[in-house]
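Take a look at the structure set out below.
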Amino acid sequence: MIRPGPDHGHWSYADKAQWQLEFPYCGGQMQSPINIDTNSTIFSRELQPVVLAGYNLDPSEQLSLMNNGHTVVLQLPGSLTIASGYPQEYRAMQLHLHWGSPEGPGSEHTVDGRRYDGEIHMVYYNPSYESIKEAMRQPGGLAVLAAFLQVGPEDNVHYQPLLEQLHEVQEEGKQTAVAGFNIEGLLPANLGHYYRYSGSLTTPPCYQTVNWTVFNQTVLLSKEQISLLETTLQGDDDKDLQNNFRLTQSLHGRKVLASFQTALRPRQVPLPDGGVPSVTPAPNGATEGGMDEAPGAGAGCPPCTDSEKLGFSLQTADVLACLFGILFAVTALAFLIYIHKQRSQNTRPDSHPKPNIIYTAATIDENAA
Ligand SMILES: [Zn+2]
């Protein structure tokens, strides 16, 4: 996922099971990517929408695009920041992509076991550290904004500046310049619904210092655009650069927070002060209206679309169930009282029948309906 420095070339996706022999952190207990089990996520109201600043770059600004043998990397100016959504500010370093092949999808994270066609990673560092190199080794020193790429009905115009330059960097080590464009357009329109957990770089040296944000809304690209990504570049062995994703890693007890309610019963863990636990060292389908705001970015949130709608409808269902429960209890109580009185009358031969009672009970039923 992340190209931490120039000391690359000593690993490949073919030998990822052996990464930890040369890079010990890769065998750690806070590794990325992970599978996000939406039934196990913890809803946190503290997770505010991600707010970006400075992403609409002028075309006169030239950005470096490079094939490093593992992925295609676009260097980003530090003037691009995450202004909100984390406890501290983060500044951009680079973005890159992960993808599969014509035979299968290639996102790094999965949601409820589902792998998406691809995944974009925007990588940031915490400027409170002396250097990027230092930040990479410190807890919370890095942040990555991740979004799933998914085949949609039409070209995503926001990805064209990147994709149309891919042939320029077909071979490993090739580099070209890309004119500035609106970088934010590469992310989903909805930056408010996301998962957050503490993890690592997904490539060696696998430093466990990344505050991950995985957006719920996917980014839609056309079938042709996804195919271009899967078939254009060559890796360090001069073969097609495909399936550049790491398999999901064990959580080892880590919690995954969600900025939105994902399940039938949101697992919001109350704290003494009424808050929810924050991620200490921690990091679209078709979300409603996503495509309207950013063509191609959004509109379908397969991990989430259903769950978002489900979450809303379940809340409504809870209220209705409660109301009907009360009505049912009142009706049942009235019926029991009626039965009791009827029996009392039957056991008292001297009592007079009260035929109106049955209409009283019926009236209650009508009201209940
Ligand atoms: Zn990555």
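Structure notes:
- Cα coordinate range in the range 2-139, projected on the principal axes (Å, largest first): 39, 38, 33
- Nearest-0.05 FRET efficiency for GLU61 and TYR129, computed from C-beta distance (R0 22 Å): 0.30
- 3J(HN,Hα) from dihedral phi, the range 56-63, Karplus parametrisation 6.51/-1.76/1.60, rounded to Hz, x for glycine, proline: 8, 7, 6, x, 6, 7, 9, 10
- Here each label is just a point 7 Å from Cα along the line to Cβ, and for ASP238 and SER40 those points are 4.4 nm apart.
- Excluding ligands, DNA and RNA, the accessible surface per residue across the range 119-260 is 36 Å² with a 1.4 Å probe.
- Integer Hz, Karplus 6.51/-1.76/1.60 couplings in order for the range 77-83, x for Gly and Pro: x, x, 6, 7, 10, 9, 7
- Sites VAL157 and HIS10 - FRET efficiency at Förster radius 51 Å, r taken between beta-carbons, to 0.05: 0.85
- Per-atom-type breakdown for the range 58-155 gives carbon and sulfur 47% of the accessible area (1.4 Å probe, protein chains only).
- Hypothetical label at SER250: residues of the range 28-46 whose amide nitrogen lies under 18 Å (7 Å Cα-Cβ projection): 28-37
- Net charge of Cβ neighbours under 14 Å - reference ALA135; Lys, Arg +1; Asp, Glu -1: 0
- Stretched out straight at 0.36 nm per residue, the stretch from THR231 to GLN88 would grow longer than its current Cα-Cα span by 47.6 nm.
- For VAL210, residues with placed amide H under 5 Å, excluding near neighbours: GLY140, GLY199, SER200, LEU201
- Taking 7 Å steps out from each Cα toward its Cβ at GLU164 and LYS223 produces label points 2.3 nm apart.
- Debye log10 I(q)/I(0) for the range 13-300, one point scatterer per Cα, at q = 0.11, 0.13 Å⁻¹: -0.60, -0.87
- Rounded to the nearest 0.05, the FRET efficiency derived from the C-beta distance between ARG137 and LEU327 at R0 = 35 Å is 0.05.
- Farthest toward positive dipole pole in the range 13-300 [+1 Lys/Arg, -1 Asp/Glu at C-beta], among VAL72, ILE42, GLN225: ILE42
The values are calculated or read from the model by the stated rules, or taken from the named source; none is laboratory data. Computed from a predicted structure; not experimentally measured. Note that each Cβ is placed from the backbone with ideal geometry, even for glycine, and that neighbours are counted across all protein chains shown. For accessibility, only protein heavy atoms count, side chains too; no ligands or nucleic acids. Shrake-Rupley method; radii C 1.70, N 1.55, O 1.52, S 1.80 Å.
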